[in-house]
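To keep things clear, I will list the structure first and then write my remarks on it.
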């Protein structure tokens, strides 16, 4: 990486001076379908690998038929305040049968063992460096042993759906290697592929009714020898080695059970043979060009442009994180974190792939924390917060593909469990689009809003793209989600007024304390539910108008929206989390669900609803005083909240706390353990600090912190199908320009001033 100037390296390269000691130090690569974690070892290179569809087991029908019978009783008990009795019955009657859905698993590992000779010692290794260039999407490792310089380059090509590994040594016959694939000893076949002298395959089945899988590695050497001994590719006396690796399952390649692995082997062998026939630099450039079609759309620079002196040396990424702990300022690290987050989204969520899980595509475990599923009570949604604003709308599409898969399951869950029309999903889903409740966990399981929240992403994508055909395709799912709540919601009276309310429901994963000291989670008319439904109902009505639909259902949805409980303020000045002013078991709880209306929604705004905004700020303060923000993703949500409150200093201080408390050496977000949502949520927040938009206006530099005194951002998207470029210096706007995808009028707000402009499709217009 010596060819990269130091400033650029600081902002676009994660790099280290020692190999990864554990998975949390390894570096991620991916193309949406296959992923890897590169350790950068010396004697042995380990790449832990994933394939998007390696999920244990097949599709299940878990809808509990007892729910429909017991639901009225549960609702009555909650209305009467008999929470303990209600929750006991919930565990009996509302859980899925069986309790758990399917889980995402690691595929396995690739090991590349170097034979340096019997006299090798690591203290003779010099000039070690490993890194990940997020501008090129290429991982690398350099080191020197005695007089020989060794180099590795590794990337996951999306155009070819292959991992390409290039190994070189400066001396003749210096590469003597053993390459092995493993899967925690959980596989059915491994060894030479057919009669190939250069390829090994590993495969098996993923449980009863589950998918079959296979992974294959192929070796090529310009000089030297390649042989296969058992399960191992052995390379002798080479100076340059090319390894090509890929994986597949019967999720996308259908076959009869008895020959599935053989069929997958043929698919992979053909794929690898084609790639191996191409020149390496061509493969690499094709990969980079494809990746940068996404990456180059947005450019963020924090601080003034500067060029380091030639003798100045950049600092390894892990040491830079430690410097933040000690109070140092590092705008380049903040910029690197932003670029890394976009890199991760491009690398784990592409068109025609599965969506990003709790861990993106990178999971090292057979039994992962929280099963590495799609958790849809915040985490999956947060994964996609940066998609539209960072002009990565295509990376958002896998989420909508999953919604399509969930729809028939969710309609069946609604009918069988609740006796309702429409579509419902709870707080988790899986590769099969499972919609029944997950587990028997009172604070989380019996929450019916997961599908509704996902449906708000449909409208968000439309707002940013103006894609009417997409809206037309997805609108039926939005309507089915709304239809469920027309049937499910019950009437409940508060202060003499009757509202439509969800029941039972929870404020995700939180617990309240009743006046009598009893603790509970199941409730009625939870604030987050009302806020999500207000968005869903409103968006359904807007979409219907755009699509020229006016019918009885549209009118019913409009009426129901008017009957939802408004967001309310308690006696202590905070937003109420539940419909009554209950005590909190955990004042610093990680979920801040009752501020959904502030972010990701726009129901609460600094200038439009000042009383609610002040109450939201008070809510955040109390959460933080109670120890809130102790998980990475929760801290990311807090950064977004402060950005929406136009408080740049608090937003930035919480970003620094994310670095200090919840960022691993490889810049992965730490719950703990690793969850990728904090990475994505923080990237979104950094943009929200610089520009915000809703259907009515665009706010410029609303939460600019003093630390970001100067800088620019280019290509960022705003609602209304438009892109913007901003530049500022001395904390003041220098330039703002916009290019709209349609003819329209927009309102702009900057520093308390307001301006209305006429925008012409495809024309860049100066705003200030």
Report yes if residue 667 is modelled with pLDDT of 95 or more, part of a loop (DSSP other than H, G, I, E, B) and assigned by TED's automatic domain parsing to the domain that holds residue 748, otherwise no. no
Number of the exception - residue 42 against (1) without any contact (Cβ under 8 Å) to a residue 60 or more places away in the chain; (2) within 23 Å of residue 165 (Cβ to Cβ); (3) over 30 Å from the mean Cα position of the chain (by Cα): (1)
Single match in 515, 408 (criterion: surrounded by fewer than 17 Cβ atoms within 10 Å (Cβ to Cβ) and assigned to a loop (DSSP other than H, G, I, E, B)): 515
Within segment 549-556, can one find any residue that is modelled with pLDDT of 95 or more, within 31 Å of the chain's Cα centre (by Cα) and more than 30 Å from residue 625 (Cα to Cα)? no
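Residue by residue, here is whether (1) assigned by TED's automatic domain parsing to the domain that holds residue 75; (2) without any contact (Cβ under 8 Å) to a residue 24 or more places away in the chain; (3) farther than 30 Å from residue 84 by Cβ holds:
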site	(1), (2), (3)
482	yes, no, yes
520	yes, no, no
532	yes, no, no
574	no, no, no
Would you point out which residue out of 625, 695, 649, 611 is modelled with pLDDT under 95 and surrounded by fewer than 21 Cβ atoms within 10 Å (Cβ to Cβ)? 695
Taking the condition out of contact with any strand residue (DSSP E or B) (no Cβ under 7 Å at 6 or more places or on another chain), under 14 Å from residue 378 (Cβ atoms), surrounded by 20 or more Cβ atoms within 10 Å (Cβ to Cβ) and at pLDDT 95 or above, does residue 605 pass? no
Boolean, residue 354 is surrounded by 21 or more Cβ atoms within 10 Å (Cβ to Cβ), assigned to a helix (DSSP H, G or I) and in contact (Cβ under 8 Å) with a residue 40 or more places away in the chain: no
Going by what's in this entry, would residue 171 be described as assigned to a loop (DSSP other than H, G, I, E, B), within 30 Å of residue 279 (Cβ to Cβ) and more than 35 Å from the chain's Cα centre (by Cα)? yes
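Table: residues versus (1) touching a helix residue (DSSP H, G or I) at 6+ places or on another chain (Cβ under 8 Å); (2) in the same structural domain as residue 25 (by TED's automatic domain parsing); (3) over 29 Å from residue 343 (Cβ atoms); (4) assigned to a strand (DSSP E or B).
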residue: 110; (1), (2), (3), (4): no, yes, no, yes
residue: 119; (1), (2), (3), (4): no, yes, yes, no
residue: 130; (1), (2), (3), (4): no, yes, no, yes
residue: 139; (1), (2), (3), (4): no, yes, no, yes
residue: 150; (1), (2), (3), (4): no, yes, no, yes
residue: 155; (1), (2), (3), (4): yes, yes, no, yes
Any idea which residue in segment 221-259 is surrounded by the fewest Cβ atoms within 10 Å (Cβ to Cβ), counting only those that are in contact with a helix residue (DSSP H, G or I) (Cβ under 9 Å, 6 or more places away or on another chain) and closer than 15 Å to residue 273 by Cα? 242
Quick test of your reading of the structure: residue 187 fulfils all but one of (1) in contact with a strand residue (DSSP E or B) (Cβ under 6 Å, 6 or more places away or on another chain); (2) over 30 Å from residue 59 (Cβ atoms). Name the failing condition by number. (2)
Is it true that some residue in segment 441-461 is touching a residue at least 60 places away in the same chain (Cβ under 8 Å), over 25 Å from residue 588 (Cα atoms), assigned to a loop (DSSP other than H, G, I, E, B) and touching a helix residue (DSSP H, G or I) at 6+ places or on another chain (Cβ under 6 Å)? no
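The values are calculated or read from the model by the stated rules, or taken from the named source; none is laboratory data. Not measured: the values here are computed from a predicted model. Virtual Cβ from ideal backbone geometry, glycine too; neighbours counted across all protein chains shown.
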